[in-house]
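Below is one structure; the comments refer to it alone.
The values are calculated or read from the model by the stated rules, or taken from the named source; none is laboratory data. The shown structure was predicted, so the numbers you read here are calculated from the model rather than taken from an experiment. Here the Cβ positions follow ideal geometry from the backbone for every residue, glycine too, while neighbour counts run over all protein chains shown.
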Amino acid sequence: MGSFSIWHWLIVLIIVLLVFGTKKLRGLGSDLGGAVKGFKEGIKDATTEDKPAEGSAPNPPAAQQVKDGQTIEGEVREKTRS
């Protein structure tokens, strides 16, 4: 009971092609490829956002960045009674 030979894998491939068809498998492959490509672009974008541009001044503290009428994103938490 060793590993499968090439003939076993060919038979499995033929059965999969007969069950799903080439059109559905091609669509599945293109969807998977698009997902991988999107994931790689997201990772690349995240790493470029983390690195500051060369020669740029460091960001001032958050209190100095807020201007009048500017929306601030935050999180509201419920007070807990002690």
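Could you tell me whether segment 22-36 includes any residue that is at pLDDT below 80 and among the acidic types (Asp, Glu)?
Among the residues of segment 22-36, not one is at pLDDT below 80 and among the acidic types (Asp, Glu), which makes the answer no.
Could you list all residues from segment 5-42 that are surrounded by 10 or more Cβ atoms within 10 Å (Cβ to Cβ) and over 29 Å from the mean Cα position of the chain (by Cα)?
Within segment 5-42, HIS8, TRP9, LEU10, ILE11, VAL12, LEU13, ILE14, ILE15, LEU17 qualify.
Residues in segment 39-47: is at least one modelled with pLDDT of 70 or more and among the basic types (Lys, Arg)?
yes
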